[in-house]
Amino acid sequence: MIAERLKYIFPFFWQSIRNSYTQVFFNKNKWLGFILIAVSFFDLNAGLSGLLAVLIANSAAFLIGLNRQHIVNGFYGFNPLLVGLGYGIAFQPGLSFFIILLFITLLTLFASVLLAGILSKYGLPYLSLPFLIGLWIVMLSARQIDQLSLSEGGIYFLNELYLLGGMPLLRLYDWFEALHWHESFKLYFKSLGAIFFQYHLFAGLLIAAGLLIWSRLAFLLSVVGFAAAYFFYQAVGADLNELSYNYIGFNFILTAIAIGGFFVIPSWHSMLWVIVSIPLLAFMQIATNVVLNPMQLGVLSLPFNLVVISFLFVFRLRERFTDKPALVYLQQFQPEKNLYSALVNRSRLAHLQRIPMKLPFWGFWKVTQGISGKHTHKDAWRYAWDFEITDKEGKTYKNEGNALADYYCYGKPVLAAAGGTVTEIINNLNDNDIGDMNLQHNWGNSIVISHAEGLFSQLSHLQKGSILVQKGQYVQQGTQVASCGNSGRSPFPHLHFQFQTASETGSHTLNYPFAAYLSKEAEIRFHSSDQPRQDEVVGNNVLEEQLDKALHFIPGQEIRFEIASGDEKEIITWKIETDIFNQSYLYCSKTQSKAWFSRIPDMFYFTHFEGNRKSVLYDVYLGAYQIITGHVPGLKIDERLTLSEFPMLPLKILQDFLSPFYRFLEIRFKASYLKSSNSITATEIKIQSEVQFFALGKQLQKRTYLLCFSEGEINQFVIEKDTHTLTLNRV
């Protein structure tokens, strides 16, 4: 009854308890969570104290009214958990024990909220600083409290282990402890166990297994971090006994995971920074031990906190080399997922960090001179384009091409690439006769528009008297500002366009992409955050109202499909929800799966998937991975998917270990717009898509999908995989 009532009031409360354990290792993996809970109960008093601390902290956070998503993710629970574990290890249970546990847990919760408010302003995590505050306060206060007595748990550890699992568990424990491994291996595993205040090999081995289940890369980083510390201590003659004292070598393990793959995109750069951090961490650990020893306080995780927060603060202040290493933009709570998503989204989602730019014209124009062109566009002015209109034969003019009016682009509208303020105008130069040039006024009639600090666009060689805006005027994206002409250094009518760093005409150009455009050669292709190339015929995507409406999902909206597979039918319902960061996702309550998506005027796309990959929602995520909200028959889309979705586990595990250095797997999404049938009342659009899985360039598997849109809805979704067809019809 209580569980059902709690489920109604706070649907994911029990999940918040498990995540409070896994957040110690920066993740939400349920299997690692179960292992960590079990490990914490190797000492019954510590396990109970830790669990009570989590229950108190999460309940208090809920009753106070703190953010539910933070509670569910375990952000408010993991520091009280650590305080509870450390407190339970140190003292005997009793009435005073539990009263103090209640209030020290609340104190740790308040410290978490306070530090989150302070450090989040700088984009920094508070890590386990609240745990240090809470445990140090209770350890100092305990000296003045007569009712607290030191724990005898370590004396009777084997008895407690027997109560947990009987003789089989005792024999297993003895077998592990008797293993004749090198001292460094034992130190590593005992340091892992020490994170949960369990100072024996058995606990460390279980946690290591949990790390492998959650993330192969996190496990690799933990080994690299500890091994680097071990060799550094030996190289400089530092006291190795310090690593075995309370096994505080866990600082190196957590630091390596944090800097190497959680807060930072995993790469050989991040691995290098892990190695650099180890000596700094060692000095910090030695020094803080000297300072805290006279006060009889443990160093605990202080070195880890100071070094990681310092590194992240320095990384955030960089002005150059911001991708060496790159910080995680969208946290997915697993190093591999952070890396694989970054590799895919580096270009696909680059618009999220930029002002989206459109091509400055209507229809399709040809790039007659591109970046680092044949004639001009050199050196500091190389990032520029010349555009002209061509006919089916590739000619830029009709008749003999002797008159300005013969050229298809002459007099055609020129548009603002993005919203901005007009900062410079030249509008008094005559158009040249064909073949002639005005070398005294290189740029001809021009407009410069300011879009942001250090980001301007320039449109040049405009027709005299055609400029429709004034200096200081704000213009919207897509507004006609002038007409294409032949002024300045221009022998034939064309539009010169460039992004630049300053407001003056002819300033140095800027390497900046267009947000989205189409190219038309043998087939039509969509480009996201890209730059047109020499001889490409390019144009803006034109919004298709019905398709855009079908993909305009509103939070709270429900989508219902009838699934037909053979003679069997089933109704499924998905709900549109958002998280605290206003990121939207499709949610399947039956499988508890989430397909995260985003949309801009040009495209709808899924970003990542969480949950059961046997869910139909997973195939919708794959089949509708990216949809252009314009309709051009024959349009082709070719994108990469994150390798987190690779279905063959052995290959995926091997790739995870190698991922920062070498990637041999690939997943490609391809889509084509098949057919459009129009009538007075409806528009039908069909999109054929497929997802291909490759290893070393060889295709291993393929899934095929068909999406049908009509009357502003997705009315059918057909899935073909493993010779099996599944049809979803909208109801």
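Computed from the coordinates by the stated procedures, all read-outs in this text should not be read as laboratory data. Remember, it's a predicted structure, so these values are computed and weren't measured experimentally. Positions of Cβ are backbone-derived with ideal geometry, glycine not excepted, and every protein chain shown enters the neighbour counts.
The angle between the Cα long axis of helix 183-194 and the longest principal axis of the Cα atoms of the chain comes to about 90 degrees, rounded to the nearest 10. Pull up the cross-link candidates among the lysines for LYS549, meaning alpha carbon to alpha carbon under 20 Å and not fewer than 8 places away within one chain. Hits, sequence-local ones excluded: LYS575, LYS675, LYS686.
Between GLN716 and CYS708, ARG730, the built amide H atoms are under 5 Å apart, and every one of these is 5 or more places off in sequence or on another chain. Nearest 10 degrees is fine. How inclined is helix 649-658 to the longest principal axis of the chain, computing both from alpha carbons? Roughly 90 degrees between the two axes. Listed by chain and number, the lysines whose alpha-carbon sits under 24 Å from that of LYS337, ignoring those within fewer than 8 places in the same chain, are LYS28, LYS30, LYS324, LYS594, LYS614, LYS652, LYS670, LYS698, LYS702.
Residue-wise HN-Hα couplings along region 405-418, as the Karplus relation 6.51 cos²θ - 1.76 cosθ + 1.60 with θ = phi - 60° gives them from phi, are 5, 5, 8, 4, 8, 5, x, 6, x, 10, 10, 6, 5, 7 Hz; Gly and Pro carry x.
Using a/c under 1.5 as the rounded threshold, could you call region 544-603 rounded, prolate or oblate? The axes a ≥ b ≥ c are square roots of the C-alpha gyration tensor eigenvalues, and prolate needs a/b larger than b/c, oblate otherwise. Note, shape of region 544-603 comes out oblate. A simple spin-label model places the labels of LYS398 and LEU272 5.9 nm from each other, with each point 7 Å out along Cα-to-Cβ. Ignoring the sites themselves, the chain has its longest run without GluC sites (Glu not before Pro) in a DSSP loop having at most 15 other Cβ atoms within 10 Å at 524-710. A straight Cα-to-Cα reach below 17 Å connects LYS395 with the aspartates and glutamates ASP386, ASP406, GLU521, ASP535, GLU536, residues fewer than 8 places away in its own chain not being considered.
Output the 0 to 90 degree angle, nearest 10, between the alpha-carbon long axis of helix 78-90 and the longest principal axis computed from the alpha carbons of the chain. Roughly 10 degrees between the two axes. Sorting SER519, SER215, SER659 from the fewest to the most surrounding beta carbons within 10 angstrom yields SER519, SER659, SER215. For region 707-712, the Karplus equation 6.51 cos²θ - 1.76 cosθ + 1.60, evaluated at θ = phi - 60°, returns couplings of 10, 10, 10, 7, 6, x Hz by residue, with Gly and Pro reported as x. What does the net charge come to around ILE100 if you take all other residues with beta carbon closer than 15 Å to its beta carbon, with K and R at +1 and D and E at -1? Neighbour charge sum, excluding ILE100 itself: 0.
Across region 545-730, Cα-Cα pairs farther apart than 27 Å form 29% of the total. Each Cα pair of the chain feeds into the Kirkwood radius, which the Stokes-Einstein equation turns, at 20 °C and 1.002 mPa s, into a diffusion coefficient of 73 µm²/s. For ASP530, nonlocal amide neighbours, meaning residues 5 or more places apart or on other chains whose placed amide H falls under 5 Å from its own, are PHE514.
Taking Cα centre as origin and charging only the Cβ of basic (Lys, Arg, +1) and acidic (Asp, Glu, -1) residues, the dipole magnitude of the chain rounds to 220 debye.
A cut-off under 14 angstrom between Cβ atoms defines the neighbours of GLY50, and their net charge, with Lys, Arg +1 and Asp, Glu -1, is 0.
Put the Cα centre of region 519-597 next to the Cα centre of region 489-503 and the gap is 37 Å.
Taking other C-beta atoms within 10 Å as the exposure proxy, VAL422, VAL274, VAL299 rank VAL422, VAL299, VAL274 from fewest upward. Charges were assigned to the Cβ only: +1 to each Lys and Arg, -1 to each Asp and Glu. The resulting dipole of region 364-512 about its Cα centre is roughly 180 debye.
When each of ASP579, ASP722, ASP391 is scored by the number of other beta-carbon atoms lying within 10 Å, the sequence from fewest to most is ASP722, ASP391, ASP579. Phi-derived couplings, Karplus 6.51 cos²θ - 1.76 cosθ + 1.60 at θ = phi - 60°, listed residue by residue for region 481-496: 10, 5, 10, 5, x, 8, 9, x, 7, 8, x, 9, x, 6, 9, 9 Hz, with x used for Gly and Pro. Annotation: amide H of THR423 within the under-5 Å range of VAL448, ILE449, SER450, GLY472, sequence separation 5 or more or interchain, hydrogens built in the peptide plane.
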